[in-house]
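Remarks on the structure that follows.
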Amino acid sequence: MRTPATSLLYLALLLFLPLAPVAALADESALQVHCQNEWPNDVEMRTFCVSEQRQAMKALAKLSGPNRQRCEGEWLPDFQMALHCTKEQNASQAVVASAPNDEISARCAREWPSEYDMQEHCAKERRAAKGNIERNYSGATRKACEREWGTEYEMVEHCIEEKE
């Protein structure tokens, strides 16, 4: 028999259960299957795998946000990789947020939306190439390559090196 309290609980579960993080819904069988697939012929490694996956699942459950959601979608049922991905994305997001707000940052953000590690790498490589161009090249070749490639500084640098 349904009471108002059980009906309310049922409604709450229907509304909020789909919003629960995937990691929180994972069960022991998912870990066992993942580790069985990783180590089908090695019981010792499979046992170690399950232990490591359990620890990663607990650590991942303490994190939240879009980086976690994206990493879970990309890596689960491998909780270790989902955790690693989330930590890396969070760290790179902080670096990207503190970087200069310039054309390099904007272009990298457009090229790698939601992938902060790639935005960080992209900006680092482009700033290095831009600095190298500014320090070491001038003249008509540089100007021609800059007209051709704009703010794609790695390509400008490559263009200059090819023409010299």
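The values are calculated or read from the model by the stated rules, or taken from the named source; none is laboratory data. Computed from a predicted structure; not experimentally measured. As a convention, Cβ positions derive from the backbone with ideal geometry for all residues, glycine included, and neighbour counts pool all protein chains shown. Just the protein is used for accessible areas: all its heavy atoms, side chains included, with ligands, DNA and RNA removed. Shrake-Rupley method; radii C 1.70, N 1.55, O 1.52, S 1.80 Å.
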Within segment 38-78, residues within 24 Å of M118 (Cα to Cα) and of a type in the set (F, W, Y) come out as W75
From the list E125, E88, E134, E161, pick out the single residue that is assigned to a helix (DSSP H, G or I), over 30 Å from A61 (Cβ atoms), open to solvent by 60 Å² or more (accessible area, probe 1.4 Å) and touching a residue at least 24 places away in the same chain (Cβ under 8 Å). E125
Mind checking which residues of segment 30-85 are of a type in the set (S, T, N, Q) and outside any helix (DSSP H, G or I)? N41, S64
Take the residues of segment 91-116 that are open to solvent by 60 Å² or more (accessible area, probe 1.4 Å) and either charged (D, E, K, R) or in contact with a Leu (Cβ under 9 Å, 6 or more places away or on another chain) (or both): which is modelled with the lowest pLDDT? E103
Whether any residue in segment 111-119 is in a loop (DSSP other than H, G, I, E, B) and more than 30 Å from E157 (Cα to Cα) is what I want to check. no
